[in-house]
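Take a look at the structure below.
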């Protein structure tokens, strides 16, 4: 994959893997080069980072496994095109 292969849509799809440092080295370099060249994607990633930090700072009780599974099932079966 070259730098030109990283579109804004591709970058958004790879953002979580990038933040988790789960991209192969070349893909990470292409990702970072796109960020340098695209202010909109740079700001998008910055918002994602801030969101992750904010959520991580929330204190709360862990979700019970049954409730967690029910939430995952509910969101997994949701059709994004119908809301």
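The table that follows gives values for the structure above.
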item	result
Between 0 and 90°, nearest 10: helix 39-57 axis offset from the chain longest Cα axis	30 degrees
Under the Debye formula (equal points on every Cα, no solvent term), log10 I(q)/I(0) of the chain at q = 0.16, 0.17, 0.19, 0.22 Å⁻¹	-0.81, -0.87, -0.95, -1.03
Helix 25-37 axis, angle to the chain major axis (alpha carbon atoms, nearest 10°)	80 degrees
Angle in degrees between helix 8-19 and the longest Cα principal axis of the chain, rounded to the nearest 10	70 degrees
Full-extension gain in nm, residue 57 to residue 20, via 0.36 nm per residue minus C-alpha separation	11.6 nm
Which of 11, 23, 71 has the fewest Cβ neighbours within 10 Å, and the rest in rising order	71, 23, 11
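Since every read-out is calculated from the coordinates, none of them should be taken as a lab result. Only a predicted model underlies this, so the values are computations on that prediction, with no experimental measurement involved. Using ideal geometry, Cβ is built from the backbone for each residue, glycine included, and neighbour counts are taken over all protein chains shown.
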